[in-house]
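Engineer: I have a structure here, written as structure tokens, and I will follow up with some questions on it.
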Amino acid sequence: MRRKDIIDGFRIGIPIALGYFAVAFSLGIIAKQAGLTAIIGFVSSFFTRASAGEYGVYTLVAAQATYVEIVAMCLVVNLRYMLMSAALSQKIAPGTSWFHRVLMACCVTDEVFGVSISRLGYCPPAYTYSAALISTLFWASGCAAGIVAGGMLPANIVAALSVALYGMFLAIIMPPARDDRYVLYAVIASFVLSGACTVAPVVCEWSSGTRTIVLTILISAVVAWLKPIEMEEAHG
């Protein structure tokens with residue numbers, strides 16, 4: 001692990017961490033309503049790191065759902081990370097041990113995947129680890145802080161804090177979209193089709209995680225067919 005990769009990972013992970021703290025804080029308030037303590041909230045957030053997944057978990061906990069229902073919900077909502085891990089494997093240098101490959105997959109979140117996949121050349125494990133570590137600590141701390149704060153903050157302030165994460169994610173995907181028109185087309189298509197699927201018959205009944213998986217496969221397959229990337233171009 002090179003020192004520069006670690007420093008770069010922490011540097012790129014700090015903005016992600018700040019956005020994570022704000023969103024996790026609002027999740028912590030929901031966790032408080034479900035009866036979780038700050039320690040339990042910290043541990044669960046540290047190992048989950050998924051806003052939709054954690055929201056579903058805390059909602060089901062409050063409803064006293066069974067373990068099977070909670071596990072099944074998490075698998076469906078977070079299944080998209082399997083696709084992200086598969087895509088990230090193409091950015092890992094040949095010869096990287098299976099341990100690093102598995103651990104990098106465990107670090108994947110939407111934003112950590114975004115900064116890892118957009119790095120020029122192969123993505124060093126240390127870069128992903130550092131970005132994931134700092135962002136995960138802030139995510140877990142934000143959830144714990146939200147639990148401690150409980151319901152003291154007004155709902156409109158909590159909603160305003162949650163907007164920061166979406167702005168940060170846009171900051172990740174827009175620079176590549178300016179440089180490559182096919183990336184721009186994919187981003188526009190994802191916005192349009194995602195909105196259409198929320199009102200389309202039958203499809204609107206699917207979970208958000210299922211819709212994300214289907215659209216990811218569909219859009220990426222079309223873009224890959226229209227504009228395949230040569231190995232030299234991808235890692236050069």
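The values are calculated or read from the model by the stated rules, or taken from the named source; none is laboratory data. All values derive from a computational prediction rather than experimental measurement. Positions of Cβ are backbone-derived with ideal geometry, glycine not excepted, and every protein chain shown enters the neighbour counts. To get the accessible areas, we keep the full protein, side chains included, count just its heavy atoms, and leave off ligands, DNA and RNA. Shrake-Rupley method; radii C 1.70, N 1.55, O 1.52, S 1.80 Å.
Engineer: In contact (Cβ under 8 Å) with a residue 24 or more places away in the chain and farther than 25 Å from I173 by Cα: does that describe G13? Explain how you work it out, then say what you get.
Structural biologist: Working: in contact (Cβ under 8 Å) with a residue 24 or more places away in the chain: yes; farther than 25 Å from I173 by Cα: no.
Taking the combined requirement at face value, the residue does not satisfy it.
Engineer: With the condition being open to solvent by 30 Å² or more (accessible area, probe 1.4 Å) and either closer than 17 Å to T128 by Cα or among the small types (G, A, S) (or both), I'd like the helices (runs of 4 or more DSSP H) fully within segment 1-112 carrying at least 3 qualifying residues.
Structural biologist: Passing ranges, in order: 3-33, 38-48, 51-62, 80-88, 98-106.
Engineer: Having 2 or more residues that are at pLDDT 85 or above is the bar; report the helices (runs of 4 or more DSSP H) wholly within segment 124-236 that clear it.
Structural biologist: Because the criterion is at least 2 residues that are at pLDDT 85 or above, the helices (runs of 4 or more DSSP H) in segment 124-236 that meet it are 125-149, 181-197, 208-226.
Engineer: For segment 113-129, which positions are small (G, A, S) and crowded, with 23+ Cβ neighbours inside 10 Å?
Structural biologist: S116
Engineer: Could I ask something else about it? State the number of residues belonging to segment 53-88 that are closer than 26 Å to I117 by Cα and out of contact with any Gly (no Cβ under 7 Å at 6 or more places or on another chain).
Structural biologist: Count: 11.
Engineer: Return the pair list, or none, for Cβ contacts closer than 8 Å from residues in segment 204-227 that are farther than 15 Å from I188 by Cβ to residues that are open to solvent by 70 Å² or more (accessible area, probe 1.4 Å), at least 6 apart or on different chains.
Structural biologist: If the second residue must be open to solvent by 70 Å² or more (accessible area, probe 1.4 Å), the pairs left are C204/T198; G209/L79; T210/L79; R211/T198; I213/L79; V214/W206.
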